[in-house]
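The values are calculated or read from the model by the stated rules, or taken from the named source; none is laboratory data. All values reported here derive from a predicted model rather than from experimental measurement. Reconstructed Cβ throughout: ideal geometry from the backbone, glycine too, with neighbour counts over all protein chains shown.
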Amino acid sequence: MEPLKTAKKYEKKYEWLQASKEYKKASDLATKNKDFIKAAEFQEQIGYCLYRSALQTQTNLDFRKRIRQSIRAYQKEWKILEEEKIGNKHILIQHTNALIAYTKSWIEKNPSLEFSNFFEVRKGICLRTL
């Protein structure tokens with residue numbers, strides 16, 4: 001079965017960690033086929049699945065580990081988008097920055113700083129789209 005279908009199947013069963021592994025396969029395949037936009041989309045799904053899997057962990061150590069993995073996936077998405085030549089990529093990059101800031105707020109010692117960054121990024125997206 002192809003990775004994308006398998007990932008969706010795992011998502012429906014709330015098996016987020018397994019879904020992230022399947023999205024990783026899909027991202028690797030998209031990268032191999034030089035479809036970097038799809039690879040970036042899959043990286044976002046990986047980040048989301050890892051975030052959701054963090055909420056299912058039993059220990060604080062595992063929670064923080066999965067949140068950091070989620071942040072790395074979003075950062076990889078950011079890097080892919082930064083290198084691509086597509087129209088309106090600044091909106092996608094700002095969206096990714098917001099995801100990074102929000103996810104970081106879960107493990108920051110002073111989350112109010114991350115939330116202020118999150119809201120500044122979101123405000124910038126809204127102003128640019130007007």
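Computed values, structure above
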item: Checking Ala73 against (1) at pLDDT below 95; (2) within 17 Å of the chain's Cα centre (by Cα), the condition it does not meet; result: (1)
item: Residue among Leu113, Leu61, Leu50, Leu127 that is at pLDDT 95 or above and loosely packed, with under 15 Cβ neighbours inside 10 Å; result: Leu61
item: Close pairs from region 5-20: first at pLDDT 95 or above, partner hydroxyl-bearing (Ser, Thr, Tyr) and part of a helix (DSSP H, G or I), Cβ under 7 Å, at least 6 apart; result: Ala7/Tyr23; Trp16/Ser53; Leu17/Ser53; Gln18/Tyr10; Ala19/Tyr10; Ser20/Ser53
item: Hits in region 25-37 - residues which are in contact (Cβ under 8 Å) with a residue 12 or more places away in the chain and surrounded by fewer than 19 Cβ atoms within 10 Å (Cβ to Cβ); result: Lys25, Leu29, Phe36, Ile37
